[in-house]
Amino acid sequence: MRPRLALAEKAGLAVDRGVTGNEYLETSAPGIFAAGDIARWPDVHTGSAIRVEHWVVAERQGQTASLNMLGAHEKFDAVTFFWSQHYDVPINYVGHAESWDEVVVDGDIQARDCVLRFKRSGRVLAVASIYRDSDSLIAEVEMERASVQTSL
Ligand SMILES: Cc1cc2nc3c(=O)[nH]c(=O)nc-3n(C[C@H](O)[C@H](O)[C@H](O)COP(=O)(O)OP(=O)(O)OC[C@H]3O[C@@H](n4cnc5c(N)ncnc54)[C@H](O)[C@@H]3O)c2cc1C
């Protein structure tokens, strides 16, 4: 997928494979915000500027951007998440792993009862699961806690 950036470029906004925003999702033009598929923002969990195409992220970023338009000054620091239904296979995915050096499988993929942990240098970057909703939620909380500790 490639975001359509022509309008943003014409308007003079900073772009980098998406419309660049800060942690408040505010673009290089004060008062103009970017949210959802088009936005690249500094993600506290990966330490990188990322752009993701997930429905829930677009919703949550829309909420944060709206609040910040009203002056709330709220950082977007949610752990990225999506779920997707493929016929009778629902997949939950939390975190963000563009590359990894290890995938640890817990459970049985064929039996549709599993958790896959995508790791780099021993650190869990993302977790994908099938019919393991609790494990997925626990992984999300652990990622939230890890980034709080890192920022302390
Ligand atoms: C086939 C497919 C399957 C997907 N499945 C999943 C899934 O299973 N789970 C998941 O989490 N995510 C999924 N996604 C991704 C998810 O749909 C997107 O992340 C989400 O819709 C992004 O929302 P958005 O508001 O940022 O962008 P969009 O939903 O693309 O909305 C942007 C809107 O802006 C409008 N627009 C564009 N340019 C202009 C303009 N110049 N003026 C006015 N309006 C304009 C567009 O017409 C569009 O309505 C899927 C996407 C696709 C394409």
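The values are calculated or read from the model by the stated rules, or taken from the named source; none is laboratory data. Treat the numbers as computed from the prediction; the structure is a model and nothing was measured. Cβ: placed from backbone, ideal geometry, glycine included. Neighbour counts: every protein chain shown. Protein only, heavy atoms only, side chains kept; ligands, DNA and RNA dropped before computing areas. Shrake-Rupley method; radii C 1.70, N 1.55, O 1.52, S 1.80 Å.
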For this session: Name the long-range amide H neighbours of I32: under 5 Å, sequence gap of 5 or more, or other chain; modelled H, no Pro or chain starts.
Result: T27
Exercise. Under the Kirkwood approximation for Rh and a Cα-based Rg, what ratio Rg/Rh is obtained for the chain?
Worked result: 1.01
Seminar exercise, completed: Carbon and sulfur atoms account, in whole percent of the 1.4 Å probe accessible area of segment 81-151, for 52 percent
Problem set entry | Listed residue (T27, V127, S99) projecting farthest to the positive dipole end of the chain, Cβ model | T27
For this session: Relative to the longest principal axis of the C-alpha atoms of the chain, give the angle of the C-alpha long axis of helix 55-69, reported between 0 and 90° and rounded to the nearest 10°.
Result: 30 degrees
Seminar exercise, completed: Relative to the chain, whose Cα atoms define the longest principal axis, helix 133-151 and its Cα axis are tilted in degrees, nearest 10, by 50 degrees
Exercise. Taking one equal scatterer on every alpha-carbon of segment 6-69, how large is log10 of I(q)/I(0) by Debye at q = 0.12, 0.16, 0.24 1/Å?
Worked result: -0.25, -0.45, -1.01
Exercise. Using the heavy atoms of the protein chains alone and a 1.4 angstrom probe, what is the accessible area of the chain per residue in square angstrom?
Worked result: 62 Å²
Problem set entry | For the chain, built as a Gaussian network whose Cα springs stay under 10 Å, the top-fluctuating residue of R120, R40, R60 | R120
Problem set entry | Karplus (6.51, -1.76, 1.60) ³J(HN,Hα), θ = phi - 60°, over segment 18-25, in Hz, Gly and Pro reported as x | x, 8, 7, x, 9, 5, 9, 6
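Which whole-number percent gives the relative contact order of the chain, counting Cα pairs below 8 Å spaced six or more residues apart?
Numbers: 268 pairs, mean separation 22.3, N = 152.
Contact order relative to length: 15 percent.
Between A111 and Q63, what is the FRET efficiency for a Förster distance of 41 Å, r being their Cβ-Cβ separation, to the nearest 0.05?
Rounded to the nearest 0.05, the efficiency is 0.65.
Give me the percent of the accessible area of segment 6-69 that comes from carbon and sulfur atoms, probe 1.4 Å, all protein chains in place.
57 percent
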Exercise. Of the listed peptides 125-135, 44-54, what is their order by residue-averaged count of other C-beta atoms within 10 Å, with the highest listed first?
Worked result: 125-135, 44-54
